[in-house]
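Here's the structure, in structure tokens; my notes come after.
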Amino acid sequence: MVMEQQKQHRVLVLFAHPALRKSRVNKRLRSAVEGLDGVEVNDLYQSYPDFDIDVAREQRLLTDHDVVVLQHPFYWYSTPAILKEWQDLVLEHGWAYGHDGHALEGKTLLNVVSTGSPENAYAQGGANRFTMRQLLAPIEQTARLCGMEYLPPFVVYGTHALTTDGIDREAADYRRLLEALRDGHVTAARAAGLHRINADLDALLGG
């Protein structure tokens with residue numbers, strides 16, 4: 001009997017870094033997944049240097065993909081400016097949400113975030129007072145409003161102190177995660193309860 005091949009999910013990475021030439025971590029993470037089968041990287045600052053976002057193009061990309069990844073450094077407890085502009089313009093009422101807005105229902109959303117501070121700074125009593133998951137709540141609620149499943153974030157903490165080997169390990173984990181998302185091996189149910197999805201990828205992916 002011929003086994004039916006599992007349908008691959010299409011993964012869209014919305015990449016937003018306003019100072020990529022200075023980047024060590026995000027540049028390496030991006031290079032780890034570029035060219036990966038089933039994964040498309042959409043560099044927002046490269047595509048729209050004047051912030052003149054092509055809404056129709058961006059909506060087509062969202063329609064054509066099953067998993068949406070927002071990859072960005074964590075700037076002032078939020079996203080870089082172009083990603084907020086993208087949300088404001090692309091996620092239109094009547095298309096992404098609202099009575100007739102069903103275009104994104106059933107898709108998956110994931111934040112991939114880097115931050116200079118160590119993980120213990122993002123906790124009650126830590127320097128930043130809130131967890132990363134709490135600070136990303138506006139994006140999580142945006143996903144919910146649009147009928148999407150929101151996964152715990154992939155977070156690279158303490159980037160200022162990371163060695164080249166440490167960055168390479170994070171990049172390898174990022175690639176493994178996107179491959180697993182593409183192949184349908186990661187679901188919201190499996191990731192539920194994790195504060196960050198890359199806390200223990202071996203356990204999440206089953207070894």
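We did not get these values from a lab; they are worked out from the coordinates using the rules stated. Quantities reported herein were computed from a predicted structural model and do not represent experimental measurements. Here Cβ is always computed from backbone atoms with ideal geometry, including for glycine, and neighbour counts include all displayed protein chains.
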Counting other C-beta atoms within 10 Å, which of 150, 48 has the fewest, and how do the rest follow?
48, 150
Compute the signed sum of charges (Lys and Arg +1, Asp and Glu -1) over the other residues within less than 13 Å, Cβ to Cβ, of residue 62.
-3
In the stretch 43-110, what GluC sites (Glu not before Pro) fall in a loop by DSSP, with at most 14 other Cβ atoms inside 10 Å?
92, 105
To the nearest 500 deg cm²/dmol, what mean residue ellipticity at 222 nm is calculated for the chain from DSSP H runs of n ≥ 4 alone, each contributing -39,500 (n - 2.57), summed and divided by the residues?
-9500 deg cm²/dmol
Just report the Cα centroid separation between the stretch 113-179 and the stretch 56-93, whole Å.
17 Å
Sorting 182, 175 on the 10 Å Cβ count, fewest up front, what's the list?
175, 182
Restricting to bridges with both residues inside the stretch 1-101, how much of the DSSP beta-bridge set is antiparallel, in percent to the nearest 5?
10 percent
Order of 17, 185, 160 under a 10 Å beta carbon neighbour criterion, fewest first:
160, 185, 17
Sorted peptide list for 19-26, 70-77, criterion being average Cβ within 10 angstrom, highest first:
70-77, 19-26
